[in-house]
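Heads up: the structure comes next, in structure tokens.
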Amino acid sequence: MKTITTLAIAFIISIVIGYSQNIPGDWSGKAQRGDKTITFVFNIKQEGANYSAIMNVPTFRVSGIKPTATTFTNGKLTIDGSNLGMSYVANFNSELQQFEGTYKEGGIEMALNLKKGAVEVADQRRPQEPVKPYPYHEEEVVFPNKEANITLAGTLTLPSKNGTFPVVILISGSGPQDRDETFMGHKPFLVLADHLNKQGIGVLRFDDRGQGASTGDFGSATTEDFSKDVLSAIAYLKTRTDIDVNNIGLIGHSEGGIIAPLAANNSKDVAFMVLLASTGISGAELSVMQSKTLREFPVKDEEAYEKNARKAIAIVTSDKSATEIKTELTAHLNAFLRPILTSLNVPEKNIDTYIESQIKTSVKPWSRYFLQYNPADEIAKLQIPVLSLNGSKDTQVDAKINQNGIRQALIRGGNQDYKIIELENLNHFFQECETGKMDEYRKIEQTFSPIALNEISSWVLKHIN
């Protein structure tokens with residue numbers, strides 16, 4: 001989970017490109033965000049009069065991102081990424097043979113020009129990533145979520161092609177994720193799966209719905225919907241003869257850690273659970289905390305800011321119609337946020353974009369569900385073994401506050417087998433770090449601390465029957 005608030009912070013986005021002639025193929029460009037250059041590559045396909053595309057962001061090693069919709073009229077390209085809170089609008093420059101436009105996400109605006117062809121990106125050193133051939137069995141798999149009428153695609157890795165093995169399902173954090181949970185140039189689920197496979201534990205990891213090779217609409221789904229994708233993964237594993245169906249576990253990272261209890265409480269086939277950087281407080285409380293600790297601007301009155309943040313959440317989670325909520329939220333944010341941003345000399349156009357983005361994101365099904373969901377209610381129901389790990393320098397999910405919530409929930413539910421550990425000097429992605437801040441993730445060579453990896457595998461091995 002890059003951030004569990006209603007703000008989309010990372011550049012994990014969905015873009016489609018269309019042009020009347022000679023469009024199929026790769027289009028690429030670079031955008032500047034502060035001192036960071038971000039490279040985008042779009043692979044365009046044409047089907048009749050319609051176009052589709054897959055977007056890759058090599059800078060963050062993100063690939064397989066699918067679009068929502070695109071139009072191209074009178075030389076103007078409009079990319080609708082509303083499912084992920086972004087947009088791209090560009091005009092085609094026939095003289096330079098390139099699209100020239102602006103990418104927007106939240107309050108961020110970046111000039112982005114696209115030329116035909118791919119671009120080369122310097123490799124980032126990631127020493128923990130495994131290199132093929134792997135010393136274990138790897139298989140591409142596909143399984144259905146019949147209720148949602150979607151197909152989920154992933155990778156199943158087993159210690160050997162022959163035998164019957166315990167297996168864990170990896171559940172990614174918030175935002176659209178691929179099966180490796182690729183983020184900021186790292187592939188934490190790939191590294192975690194490699195470690196577990198070498199310890200004799202099978203792993204199933206899969207693309208989120210609507211991402212990579214999975215079908216479905218990510219933008220219209222809620223945390224509960226994602227839990228049903230996990231149930232579909234469990235059902236699939238039970239059809240295989242090489243899986244020890246008595247030892248199927250769940251490992252959830254960030255939002256994945258609040259999806260896992262939902263899934264487990266609706267299944268009789270989950271034997272154990274690992275929560276990584278999971279929350280133990282309500283989505284509303286977490287959002288208030290993150291709105292204060294992760295925001296990118298100062299305020300003079302923190303008490304007033306928190307009061308107004310809570311009022312915004314109350315508006316979003318009310319029983320009123322979507323139209324009424326949008327109207328009230330618009331008025332509230334204009335009265336509350338606009339003066340703050342204006343006092344910081346933020347351009348009026350940027351303020352408009354930022355507020356509009358907050359409104360669009362806040363009224364989505366995921367946001368409304370998340371703000372009203374308290375994972376502690378589901379954690380309290382768990383009667384299976386639970387391991388909870390959080391990093392002491394996690395700036396997105398405070399270890400002490402959230403682990404206290406998890407601990408109290410387990411005690412309240414009478415769980416007899418749990419372990420809760422705060423790991424020193426690790427961030428939200430369990431990297432050894434200096435500050436734990438989000439802009440540090442990409443700069444760190446390490447993808448996943450060996451200390452955390454060993455805690456996970458040793459605990460799982462002890463809980464395999």
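A few points about this structure:
- Flag if residue 341 is in contact with a helix residue (DSSP H, G or I) (Cβ under 6 Å, 6 or more places away or on another chain) and not acidic (Asp, Glu): yes
- Residue that is touching a residue at least 40 places away in the same chain (Cβ under 8 Å) and surrounded by fewer than 22 Cβ atoms within 10 Å (Cβ to Cβ), where the choices are 251, 243, 171, 201: 243
- Test: residue in region 105-118 that is among the charged types (D, E, K, R), surrounded by 22 or more Cβ atoms within 10 Å (Cβ to Cβ), touching a strand residue (DSSP E or B) at 6+ places or on another chain (Cβ under 8 Å) and not in a helix (DSSP H, G or I): yes
- For residue 142, the conditions (1) over 24 Å from residue 191 (Cβ atoms); (2) surrounded by 13 or more Cβ atoms within 10 Å (Cβ to Cβ) all hold with the exception of (1).
- Boolean, residue 291 is in contact with a helix residue (DSSP H, G or I) (Cβ under 9 Å, 6 or more places away or on another chain), at negative phi, buried (at least 23 other Cβ atoms within 10 Å of the Cβ) and not assigned by TED's automatic domain parsing to the domain that holds residue 190: no
- Qualifying residue in region 261-281 (condition: within 30 Å of residue 170 (Cα to Cα) and in contact with a Phe, Trp or Tyr (Cβ under 6 Å, 6 or more places away or on another chain)): no
- Among the candidates 38, 65, residue that is at pLDDT 75 or above and buried (at least 21 other Cβ atoms within 10 Å of the Cβ): 65
- Breaking point among (1) in contact with a helix residue (DSSP H, G or I) (Cβ under 9 Å, 6 or more places away or on another chain); (2) among the polar types (S, T, N, Q); (3) modelled with pLDDT of 95 or more, for residue 197: (1)
- Test: residue 361 is surrounded by fewer than 16 Cβ atoms within 10 Å (Cβ to Cβ) and either modelled with pLDDT under 95 or assigned by TED's automatic domain parsing to the domain that holds residue 437 (or both): no
- For region 254-278, filtered to residues that are part of a helix (DSSP H, G or I) and of a type in the set (Val, Ile, Thr), the residue that is surrounded by the most Cβ atoms within 10 Å (Cβ to Cβ) is 258.
- Of all the listed residues (418, 373), the sole one being surrounded by 15 or more Cβ atoms within 10 Å (Cβ to Cβ) and either touching a strand residue (DSSP E or B) at 6+ places or on another chain (Cβ under 9 Å) or closer than 27 Å to residue 301 by Cβ (or both) is 418.
- Tabulated pairs, region 265-281, first aromatic (Phe, Trp, Tyr), second surrounded by 17 or more Cβ atoms within 10 Å (Cβ to Cβ) and modelled with pLDDT of 95 or more, C-beta under 6 angstrom, 6+ apart or interchain: 272/249; 272/384; 272/385; 272/463
- Pairs meeting the criteria (first residue in region 21-45 and touching a residue at least 40 places away in the same chain (Cβ under 8 Å), second residue of a type outside the set (Lys, Arg) and loosely packed, with under 15 Cβ neighbours inside 10 Å, beta carbons under 7 Å, at least 6 apart or on different chains) are 26/117; 28/117; 28/119; 30/37; 31/111; 39/119; 41/119.
- Unmet criterion (only one of (1) surrounded by fewer than 18 Cβ atoms within 10 Å (Cβ to Cβ); (2) touching a residue at least 60 places away in the same chain (Cβ under 8 Å)) for residue 298: (2)
- Hey, residue 367 more than 25 Å from residue 223 (Cα to Cα) and either over 25 Å from the mean Cα position of the chain (by Cα) or buried (at least 17 other Cβ atoms within 10 Å of the Cβ) (or both) or not: no
- Residues located in region 288-331, provided they are in a helix (DSSP H, G or I), within 22 Å of residue 344 (Cα to Cα) and not hydrophobic (A, V, I, L, M, F, W, C): 290, 291, 292, 293, 302, 303, 305, 306, 307, 308, 330
- Every residue from region 394-412 that is crowded, with 21+ Cβ neighbours inside 10 Å, out of contact with any His (no Cβ under 7 Å at 6 or more places or on another chain) and part of a loop (DSSP other than H, G, I, E, B): none
The values are calculated or read from the model by the stated rules, or taken from the named source; none is laboratory data. Quantities reported herein were computed from a predicted structural model and do not represent experimental measurements. A quick note on method: Cβ atoms are made from the backbone with ideal geometry, for glycine too, and the neighbour counts reach across all protein chains shown.
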